[in-house]
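K.L.:
The structure is given below, and queries will be raised subsequently.
The values are calculated or read from the model by the stated rules, or taken from the named source; none is laboratory data. It should be emphasised that the depicted structure is a prediction, and the values quoted were computed from it without experimental measurement. Glycine also receives a Cβ, built like all others from the backbone with ideal geometry; neighbour counts cover every protein chain displayed.
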Amino acid sequence: MKNWLFKPFERIADGSALAIGLFVITLTAVLAWRAGLHTNGVIDLHFGPGVGLWLLIVQGLINWMILSLILLAVGKWVSSGRFRTLDLFATQALARWPLLIGAVWMSIPGVGAAIESRTARLMEQMPEQPGQVIAPVEYMLDAMWLLLMSLPVMAAIAWMIWLMFHGYALVANLRGTRAFFSFAGALVAAEICSKVLIHFLLQSAA
């Protein structure tokens, strides 16, 4: 069970991993559409203005493609061995499946509404001027409650990042600091690129 959850690429690869991954990306987009969520970043999942289902599907595909392309370029640069492009793209598609768990959690009517309302309360408590102080007790209670309700989503995102890293390191045959730092740099670059690209996509669709 542990290998299926944290090292699935040792059992599922190639076309099967790609097909399952693309199905998960589409299903996550459907849930996000119904719940009013956005995935406008490689590791993003949050509430936002309602958009069409096709835009959410495109968001998911952009996130997957951008990270896969950057990891491909970085992997070819730092790895001394050869690896197949299909393997990298397939593992990165399948690695996104924990995000589906986060979308399911935030799609629960009571959970989603509570997170949105408590977030709005926190935003109202933010000081308008730099020197102002927030009422500490009320602020901390709201912040702690919001953190608690957001833990499943944060855990799902952390899980997804681990799968992305493991899939990349396995395919590119990298270990240690070389694998970690090359992946971390690629992830940051992909997050920025995907946000910019999706921003312009949303603007053009508005």
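K.L.:
Could you tell me which of the residues A179, A186 is closer than 20 Å to A93 by Cβ and touching a residue at least 60 places away in the same chain (Cβ under 8 Å)?
P.N.:
Numbers: A179 fails: touching a residue at least 60 places away in the same chain (Cβ under 8 Å).
Only one candidate qualifies: A186.
K.L.:
Listed residues V137, V188, V171; which is assigned to a helix (DSSP H, G or I), buried (at least 17 other Cβ atoms within 10 Å of the Cβ) and either modelled with pLDDT of 95 or more or of a type outside the set (D, E, K, R) (or both)? Before the answer, list the steps.
P.N.:
Values: V137 fails: buried (at least 17 other Cβ atoms within 10 Å of the Cβ); V188 fails: buried (at least 17 other Cβ atoms within 10 Å of the Cβ).
Exactly one residue qualifies, and that residue is V171.
K.L.:
Scanning for something surrounded by fewer than 18 Cβ atoms within 10 Å (Cβ to Cβ), of a type in the set (G, A, S) and without any contact (Cβ under 8 Å) to a residue 24 or more places away in the chain, does the range 45-54 turn up at least one residue?
P.N.:
Within the range 45-54, one or more residues are surrounded by fewer than 18 Cβ atoms within 10 Å (Cβ to Cβ), of a type in the set (G, A, S) and without any contact (Cβ under 8 Å) to a residue 24 or more places away in the chain.
K.L.:
State whether the residues of the range 61-82 include one that is under 19 Å from the mean Cα position of the chain (by Cα), modelled with pLDDT of 95 or more and among the hydroxyl-bearing types (S, T, Y). Lay out the reasoning, then the answer.
P.N.:
Applying the first criterion (under 19 Å from the mean Cα position of the chain (by Cα)) to the range 61-82 yields 61-72.
Restricting the remaining residues to those that are modelled with pLDDT of 95 or more gives 61-72.
Then drop every residue that is not among the hydroxyl-bearing types (S, T, Y), which leaves 68.
Within the range 61-82, one or more residues are under 19 Å from the mean Cα position of the chain (by Cα), modelled with pLDDT of 95 or more and among the hydroxyl-bearing types (S, T, Y).
K.L.:
Hey, another quick one. For the structure I just gave you, tell me whether L163 is outside any helix (DSSP H, G or I) and buried (at least 20 other Cβ atoms within 10 Å of the Cβ).
P.N.:
It is false that L163 is outside any helix (DSSP H, G or I) and buried (at least 20 other Cβ atoms within 10 Å of the Cβ).
K.L.:
For the range 1-17, does any single residue satisfy the condition of being in a helix (DSSP H, G or I), free of Cβ contacts under 8 Å to residues at least 24 places away in the same chain, charged (D, E, K, R) and surrounded by fewer than 16 Cβ atoms within 10 Å (Cβ to Cβ)?
P.N.:
Checked the range 1-17: at least one residue is in a helix (DSSP H, G or I), free of Cβ contacts under 8 Å to residues at least 24 places away in the same chain, charged (D, E, K, R) and surrounded by fewer than 16 Cβ atoms within 10 Å (Cβ to Cβ).
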